[in-house]
Amino acid sequence: MIKRIKMLLPAVLAVLLLAGCAVQPVAATTARYRVTVVAKSRESEFWKAVLSGAEAAATEYNMQLTVLAPDDEENYDAQNQLIEKAVEDGAQAIVFSAIDYEANAEAIDAAAAAGVTIVGIDSAVHSDQVAAYIGSDNYGAGRLAACSALEGTEGKLCVGLINYEVNGANGRDREQGARDTFADSGRAEVVTSMQTHPNAASAHSDALRMLQQHPEINVLVAFNEATAVGAVQAVQEMERVDDLWLVAFDSNVQTIDALQSGAVDALIVQNTYSMGYFGVESAYRLLAGQGSSVEKSNITAVRVITRDNMFAIDKQKALFPFG
């Protein structure tokens, strides 16, 4: 019996090897979908978290991922050129966050006309060719920012607003949500507002000038990561930490430290990792013919984090998306 088994073993091994050889070429030639993320930036903690989520989804779904972003977060022309490059390089899907709601639309329409699937994340673009959008309820986030100030303070509020990207959909919607909520309260007035470049240095100098020109301001709202860092620096420089309520958007080392020290009173934090992950996952499902499983609009969570709740587990996960 043992002798017979020994005689059969070579034949069995040969069959298994042949079977393996027959399967291997199929796996090797399986096409990987090619997706390009055209972001606003690679540099901020916000975008690092978004891109980390995108990379995780690309790995999970075995997609070929390319990440492109302009050097300047205000340069929509450069972003349009990157969209064209993605099409030329054979991207089957583009996951896109618009610097300019209107000015990026033509390039996105052209990419869709070339057969590329478009998924929007973070900041919308004025195009009906976007198959799915993943991002925060930015109007609602603005309302949350205003509510945090109204609930955390008493008396009349004199409000200063520091925004960015005058033509970006998310900054515009956040400001409108805050304005409407302050107006509805009956005890808050927006004294002044300004647009600044989306970098901490510009936001710092503009916020400093605002506080010097309007010492009556007792609530300051900064609508993204860069403006938040600059606003924190201005509040500290003016020694207004104790008598001014600062609402900041997005988490990084500076804003989290400022929250803990008292310079920031409320931090509005988005689910950045999910934007990147679900953006790439949606691209995969659309390319794979699973469009019925993709929501046209996927609104990710926004949290209000204060010194009182910042050490809760769910808030820690939001503050440190890589944790």
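The values are calculated or read from the model by the stated rules, or taken from the named source; none is laboratory data. Note that the coordinates shown come from a computational prediction; the quantities given were computed from them, not determined experimentally. Ideal geometry is used to build each Cβ from the backbone, glycine not excepted, and the neighbour counts take in all protein chains shown.
What is the residue count in the range 158-183 for residues that are in contact with an Asp or Glu (Cβ under 7 Å, 6 or more places away or on another chain) and assigned to a strand (DSSP E or B)?
5
If we keep just the residues of the range 120-145 that are under 29 Å from residue 162 (Cα atoms) and of a type in the set (D, E, K, R), which is surrounded by the most Cβ atoms within 10 Å (Cβ to Cβ)?
Here is the first cut: in the range 120-145, the ones under 29 Å from residue 162 (Cα atoms) are 120-127, 133-145.
Retained after the next criterion (residues that are of a type in the set (D, E, K, R)): 122, 137, 143.
On the way: 122: 27, 137: 19, 143: 20.
Step by step, filter the range 120-145, then rank; the result is 122.
Regarding residue 183, is this residue without any contact (Cβ under 8 Å) to a residue 12 or more places away in the chain and closer than 27 Å to residue 126 by Cβ? Before you say what the answer is, go through the steps one by one.
Values: without any contact (Cβ under 8 Å) to a residue 12 or more places away in the chain: yes; closer than 27 Å to residue 126 by Cβ: yes.
The answer is yes for residue 183.
Give the residue that is surrounded by the fewest Cβ atoms within 10 Å (Cβ to Cβ), with candidates limited to residues of the range 99-119 that are out of contact with any Gly (no Cβ under 7 Å at 6 or more places or on another chain) and in contact (Cβ under 8 Å) with a residue 40 or more places away in the chain. Reasoning before the result, please.
Going through the range 99-119, the residues out of contact with any Gly (no Cβ under 7 Å at 6 or more places or on another chain) turn out to be 102-118.
Next cut, in contact (Cβ under 8 Å) with a residue 40 or more places away in the chain only: 102-103, 117.
On the way: 102: 13, 103: 16, 117: 24.
Once the filter is applied, the top-ranked residue is 102.
Which one is nearest to the chain's Cα centre (by Cα), of the residues in the range 200-235 that are closer than 20 Å to residue 138 by Cα and polar (S, T, N, Q)?
224
So which strands (runs of 3 or more DSSP E) are wholly in the range 188-305 and hold at least 3 residues that are crowded, with 21+ Cβ neighbours inside 10 Å? Working first, answer last.
Details: elements: 188-196, 219-222, 245-249, 266-270, 297-300, 302-305.
By residue number, 219-222, 245-249, 266-270.
Restricting to the range 58-98, what's the tally of residues that are in contact (Cβ under 8 Å) with a residue 24 or more places away in the chain, hydroxyl-bearing (Ser, Thr, Tyr) and assigned to a helix (DSSP H, G or I)?
1
Against the condition in a strand (DSSP E or B), hydrophobic (A, V, I, L, M, F, W, C) and under 20 Å from the mean Cα position of the chain (by Cα), how does residue 131 come out, does it pass? Give the derivation first.
Values: in a strand (DSSP E or B): yes; hydrophobic (A, V, I, L, M, F, W, C): yes; under 20 Å from the mean Cα position of the chain (by Cα): yes.
The answer is yes for residue 131.
Conditions first: (1) assigned by TED's automatic domain parsing to the domain that holds residue 42; (2) touching a strand residue (DSSP E or B) at 6+ places or on another chain (Cβ under 7 Å). Residue 259 passes all but one, so which condition is the exception?
Looking at each condition in turn, residue 259 falls short on (1).
Quick check, is residue 74 modelled with pLDDT under 95, assigned by TED's automatic domain parsing to the domain that holds residue 285 and touching a His at 6+ places or on another chain (Cβ under 7 Å)?
Numbers: modelled with pLDDT under 95: yes; assigned by TED's automatic domain parsing to the domain that holds residue 285: yes; touching a His at 6+ places or on another chain (Cβ under 7 Å): yes.
So residue 74 fits the description; yes.
Condition check: surrounded by fewer than 10 Cβ atoms within 10 Å (Cβ to Cβ) and either within 13 Å of residue 96 (Cβ to Cβ) or modelled with pLDDT under 70 (or both). Does residue 26 satisfy that? Step through it out loud before you land on a result.
Values: surrounded by fewer than 10 Cβ atoms within 10 Å (Cβ to Cβ): yes; either within 13 Å of residue 96 (Cβ to Cβ) or modelled with pLDDT under 70 (or both): yes.
Judged against the criteria, residue 26 is a match.
If you check every pair at least six apart or on different chains, which have Cβ atoms under 6 Å apart with a residue in the range 126-144 that is more than 23 Å from residue 49 (Cα to Cα) first and a residue that is modelled with pLDDT of 95 or more and among the charged types (D, E, K, R) second?
126/102; 127/109; 129/109
Where residues in the range 164-187 are among the polar types (S, T, N, Q) and surrounded by fewer than 23 Cβ atoms within 10 Å (Cβ to Cβ), which of them is farthest from the chain's Cα centre (by Cα)?
Of the range 164-187, the ones among the polar types (S, T, N, Q) are 167, 170, 176, 181, 185.
When the remaining residues are screened for being surrounded by fewer than 23 Cβ atoms within 10 Å (Cβ to Cβ), the result is 167, 176, 181, 185.
Details: 167: 17, 176: 19, 181: 24, 185: 29 Å.
Once the filter is applied, the top-ranked residue is 185.
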